[in-house]
Amino acid sequence: QVQLVESGGGLVQEGGSLRLSCAASGRTFGGFSMGWFRQAPGKERESVGAISRSGVTTYYADSVKGRFTISRDNAKNTVYLQMNRVKPEDTAVYFCAAAARSWVTDAGMYDFWGQGTQVTVSS
(Lines give C-alpha, C1' and ligand atoms only; values in the text may rest on other atoms or scores of the structure.)
Protein backbone atom coordinates (compact mmCIF):
# COMPACT_ATOMS: atom_id res chain seq x y z
CA GLN A 1 0.00 0.00 0.00
CA VAL A 2 1.14 3.53 -0.80
CA GLN A 3 -0.34 6.71 0.58
CA LEU A 4 -0.03 9.83 -1.56
CA VAL A 5 -0.63 13.37 -0.32
CA GLU A 6 -0.58 16.32 -2.68
CA SER A 7 0.14 19.87 -1.55
CA GLY A 8 1.00 23.24 -2.98
CA GLY A 9 -2.22 24.06 -4.75
CA GLY A 10 -3.88 27.44 -4.56
CA LEU A 11 -4.78 30.57 -6.45
CA VAL A 12 -2.29 31.94 -8.97
CA GLN A 13 -2.50 34.65 -11.59
CA GLU A 14 -2.24 33.88 -15.27
CA GLY A 15 1.40 33.75 -16.27
CA GLY A 16 2.54 32.90 -12.78
CA SER A 17 4.12 29.80 -11.30
CA LEU A 18 3.20 27.16 -8.78
CA ARG A 19 4.91 24.01 -7.54
CA LEU A 20 2.90 21.01 -6.46
CA SER A 21 4.34 18.28 -4.28
CA CYS A 22 3.23 14.73 -3.76
CA ALA A 23 4.60 12.96 -0.71
CA ALA A 24 4.50 9.17 -0.65
CA SER A 25 4.63 6.80 2.25
CA GLY A 26 4.11 3.13 2.90
CA ARG A 27 6.43 1.40 0.44
CA THR A 28 9.69 1.98 -1.35
CA PHE A 29 9.04 5.10 -3.37
CA GLY A 30 11.78 4.37 -5.86
CA GLY A 31 9.94 1.29 -7.03
CA PHE A 32 7.08 3.32 -8.48
CA SER A 33 6.71 5.32 -11.61
CA MET A 34 4.66 8.44 -10.91
CA GLY A 35 2.13 10.46 -12.79
CA TRP A 36 0.25 13.73 -12.50
CA PHE A 37 -3.33 14.10 -13.67
CA ARG A 38 -5.92 16.82 -13.48
CA GLN A 39 -9.66 17.15 -13.65
CA ALA A 40 -11.52 20.36 -14.32
CA PRO A 41 -15.21 20.81 -13.43
CA GLY A 42 -17.41 19.05 -15.93
CA LYS A 43 -14.48 17.47 -17.71
CA GLU A 44 -12.85 14.08 -17.69
CA ARG A 45 -9.60 13.44 -15.91
CA GLU A 46 -6.62 13.96 -18.16
CA SER A 47 -2.96 13.16 -17.97
CA VAL A 48 -0.54 15.99 -17.28
CA GLY A 49 2.64 13.94 -17.35
CA ALA A 50 4.65 11.09 -15.89
CA ILE A 51 8.11 10.26 -14.63
CA SER A 52 9.93 6.96 -14.50
CA ARG A 53 11.26 5.29 -11.37
CA SER A 54 14.71 6.77 -11.83
CA GLY A 55 13.49 10.14 -13.00
CA VAL A 56 15.38 9.83 -16.27
CA THR A 57 12.31 9.49 -18.47
CA THR A 58 9.44 11.95 -18.50
CA TYR A 59 6.30 12.45 -20.53
CA TYR A 60 4.14 15.54 -20.90
CA ALA A 61 0.76 16.19 -22.41
CA ASP A 62 0.88 18.57 -25.35
CA SER A 63 -1.19 21.10 -23.42
CA VAL A 64 1.55 21.56 -20.79
CA LYS A 65 4.70 20.72 -22.71
CA GLY A 66 7.30 23.46 -22.31
CA ARG A 67 5.49 24.98 -19.32
CA PHE A 68 5.32 22.19 -16.74
CA THR A 69 8.16 20.05 -15.38
CA ILE A 70 7.93 16.85 -13.39
CA SER A 71 10.76 15.80 -11.11
CA ARG A 72 11.26 13.49 -8.18
CA ASP A 73 13.46 13.12 -5.16
CA ASN A 74 13.54 9.47 -4.18
CA ALA A 75 15.42 10.27 -0.98
CA LYS A 76 12.50 12.44 0.11
CA ASN A 77 9.78 10.16 -1.29
CA THR A 78 8.38 13.10 -3.19
CA VAL A 79 7.43 13.93 -6.75
CA TYR A 80 6.98 17.50 -7.93
CA LEU A 81 5.06 19.33 -10.62
CA GLN A 82 6.54 22.72 -11.45
CA MET A 83 3.93 24.78 -13.25
CA ASN A 84 5.15 27.86 -15.11
CA ARG A 85 3.32 30.34 -17.35
CA VAL A 86 0.01 29.01 -16.10
CA LYS A 87 -3.19 29.67 -18.00
CA PRO A 88 -6.84 29.81 -16.88
CA GLU A 89 -7.39 26.48 -18.63
CA ASP A 90 -4.93 24.91 -16.18
CA THR A 91 -7.54 25.36 -13.44
CA ALA A 92 -8.35 21.91 -12.08
CA VAL A 93 -7.88 19.50 -9.23
CA TYR A 94 -4.46 17.95 -9.62
CA PHE A 95 -3.78 14.37 -8.60
CA CYS A 96 -0.63 12.35 -8.32
CA ALA A 97 -0.60 8.62 -8.87
CA ALA A 98 1.84 5.75 -8.38
CA ALA A 99 2.33 2.61 -10.44
CA ALA A 100 4.36 -0.42 -9.42
CA ARG A 101 5.79 -0.63 -12.93
CA SER A 102 8.84 0.79 -14.61
CA TRP A 103 6.96 3.13 -16.93
CA VAL A 104 3.29 4.05 -17.11
CA THR A 105 1.31 6.86 -18.74
CA ASP A 106 -2.16 5.30 -18.96
CA ALA A 107 -4.35 6.33 -16.00
CA GLY A 108 -5.82 2.85 -15.82
CA MET A 109 -2.41 1.37 -15.05
CA TYR A 110 -1.80 3.35 -11.87
CA ASP A 111 -2.26 1.53 -8.59
CA PHE A 112 -2.54 4.32 -6.04
CA TRP A 113 -3.97 7.84 -6.12
CA GLY A 114 -3.84 10.89 -3.93
CA GLN A 115 -6.82 12.99 -2.89
CA GLY A 116 -5.91 15.92 -5.10
CA THR A 117 -5.10 19.59 -4.66
CA GLN A 118 -7.00 22.48 -6.23
CA VAL A 119 -5.24 24.85 -8.59
CA THR A 120 -7.08 27.95 -9.72
CA VAL A 121 -5.64 30.31 -12.29
CA SER A 122 -7.15 33.78 -12.46
CA SER A 123 -7.07 35.85 -15.62
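Computed values, structure above
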| read-out | value |
| --- | --- |
| Residue match in the stretch 82-105 (condition: free of Cβ contacts under 8 Å to residues at least 24 places away in the same chain and of a type in the set (Asp, Glu)) | no |
| Residue identified as free of Cβ contacts under 8 Å to residues at least 12 places away in the same chain and open to solvent by less than 80 Å² (accessible area, probe 1.4 Å) among Gly66, Gly116 | Gly66 |
| Subset of the stretch 8-23 (residues that are open to solvent by 30 Å² or more (accessible area, probe 1.4 Å) and either farther than 16 Å from Thr69 by Cα or not in a strand (DSSP E or B) (or both)) | Gly8, Gly9, Leu11, Gln13, Glu14, Gly15, Ser17, Ala23 |
| Number of positions in the stretch 32-62 that are buried (at least 16 other Cβ atoms within 10 Å of the Cβ) and in a strand (DSSP E or B) | 13 |
| Where Ser123 falls short, out of the listed (1) at pLDDT below 95; (2) crowded, with 17+ Cβ neighbours inside 10 Å; (3) under 21 Å from Val12 (Cβ atoms) | (2) |
| Residues located in the stretch 71-81, provided they are in contact with a Leu (Cβ under 8 Å, 6 or more places away or on another chain) and more than 17 Å from Phe112 (Cβ to Cβ) | Tyr80 |
| Scan of the stretch 85-102 for residues that are farther than 10 Å from Gly35 by Cα and in contact with a strand residue (DSSP E or B) (Cβ under 7 Å, 6 or more places away or on another chain), ordered by number | Val86, Lys87, Pro88, Asp90, Thr91, Ala92, Val93, Tyr94, Arg101, Ser102 |
| Sole residue being β-branched (Val, Ile, Thr) and closer than 23 Å to Pro88 by Cα, chosen from Val56, Val64 | Val64 |
| Scope the stretch 93-123; condition in a strand (DSSP E or B) and more than 18 Å from Val5 (Cβ to Cβ); matching residues | Thr120, Val121, Ser122 |
| Every residue from the stretch 69-96 that is more than 19 Å from Leu18 (Cα to Cα) and either surrounded by 18 or more Cβ atoms within 10 Å (Cβ to Cβ) or not small (Gly, Ala, Ser) (or both) | Asn74, Lys76, Asn77 |
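The values are calculated or read from the model by the stated rules, or taken from the named source; none is laboratory data. Just so it is clear, the structure is predicted and the values come from calculations on it, not from any experiment. We place every Cβ from the backbone using ideal geometry, glycine too, and count neighbours over all the protein chains shown. Ligands, DNA and RNA are excluded from the accessible area calculation, which covers all protein heavy atoms including side chains. Shrake-Rupley method; radii C 1.70, N 1.55, O 1.52, S 1.80 Å.
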